[in-house]
Amino acid sequence: MVRVLVVGEQALFRAGIRHLLADADGFETVRQVESTERVLRTRSAANGAQHSRDDDSVVAAMRAGASGYITKRNSERELLRAIRSSPRAAPCPAR
């Protein structure tokens, strides 16, 4: 199971990503947050695909441990492929 942190300003966007991941095999959404800044404050251990308009936020998120970045322009298939191909997307042990 790949654990995913979903980051996005709009609640509807986050819900859509959460439902997409729930319908796909092998993913668990561990948390949703509305801003990169909040992610950096909480320093979640989950792997994540990240969207941001601010390049500095993307760089900061990658330094804090995010393992990928994808824009909203990508398809559902591309999002799932990006998460699965992330270097840190190895299945997490069951808790």
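By average Cβ neighbour count within 10 Å, what is the ranking of 76-84, 18-26 from highest down?
76-84, 18-26
If the chain between Ala82 and Ala24 were fully stretched, how many nm would it gain, using 0.36 nm times the residue separation less the Cα-Cα distance?
19.5 nm
Between Arg63 and Phe13, 0.36 nm times their residue separation minus their Cα-Cα distance comes to what?
Difference between extended and current length: 15.6 nm.
Read-outs: derived from the displayed coordinates by stated rules, not from any lab. Predicted model only: the values in this text are computed from it and were never measured. Using ideal geometry, Cβ is built from the backbone for each residue, glycine included, and neighbour counts are taken over all protein chains shown.
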